[in-house]
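For reference, the structure discussed in these notes is given below.
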């Protein structure tokens, strides 16, 4: 089952520069797991350690925001198009948000380190 | 350096004034690879906050698709700070997700003057760049270059047109 996935500029380091990649899966979660086998690290940029989509990454199936389709459980069909866009956000005093992000980055790094230690490739 | 048409800067400032004291945000699209902002797209601030902005996710998708269809890219991503200087906050840096864009900040904290500054934000590193405001239809050699409230070290005093 082929699903087209559009990758934003900032994540193309995981796809060898490719703007569009293909993957397979019955749900968005399955698709991201499949993509991660060929584009290692991509999933960790989209899904938190707790197993939910990052707050400040937008993922769409066709024309719908997956938050309204069940997030990682969103069902996918052959021929669907998935688009990933980093949220455009910021502002003068969002220190709590900034702290959450840096906390998340630390978590992601820790998870990556743990994975590398458990399953060296 | 960011070169941007005066009419676009005026539209951005008008948008920032209109939404003050909430933060305003938007995009200026331009042809891919051209580094020239040509089409101003004011966006909704879904956060409707004085200290935070976030594009509405559906509007974001629609506008990014439209740019794709027109062979455009987000040359400028702008937002306003309504009580502080036009310099990227830690939040701005943490969220900056378009490494190819000029991040334009407008401060509307002063009622009569605007501070307009532009930055590259790549991998958490902020680099300020000069802003050159271009008058459309004017001989490029006669272009006047200046910035509102810019630090003098980066003002293009040469008016060189380059």
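Summary table below
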{"read-out": "Ordering of A:30-38, A:84-92 by packing [mean C-beta count within 10 Å, highest first]", "value": "A:84-92, A:30-38"}
{"read-out": "Shielding score for A:79-89, defined as the mean number of other chain Cβ atoms within 10 Å", "value": "5"}
{"read-out": "Estimated inter-spin distance, residue A:52 and residue B:1, nm [label 7 Å along Cα→Cβ]", "value": "4.8 nm"}
{"read-out": "Percentage, to the nearest whole number, of Cα pairs in the stretch A:3-88 over 17 Å apart", "value": "38 percent"}
{"read-out": "Residue A:12/residue B:39 FRET efficiency (R0 25 Å; Cβ-Cβ; nearest 0.05)", "value": "0.55"}
{"read-out": "Rounded to 5, percent antiparallel among DSSP beta bridges of the stretch B:2-154", "value": "70 percent"}
{"read-out": "Per-residue average of Cβ from other chains inside 10 Å of A:8-20", "value": "2"}
{"read-out": "B:87, A:60, B:53 arranged by Cβ crowding within 10 Å, fewest neighbours leading", "value": "B:87, A:60, B:53"}
{"read-out": "Cβ neighbours within 10 Å from other chains - mean over B:55-68", "value": "4"}
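Only the coordinates and a few stated rules stand behind these numbers; no lab work does. Keep in mind it's a predicted model, so treat the numbers as computed, not measured. Every residue, glycine among them, receives a Cβ derived from its backbone with ideal geometry; neighbour counts consider all protein chains shown.
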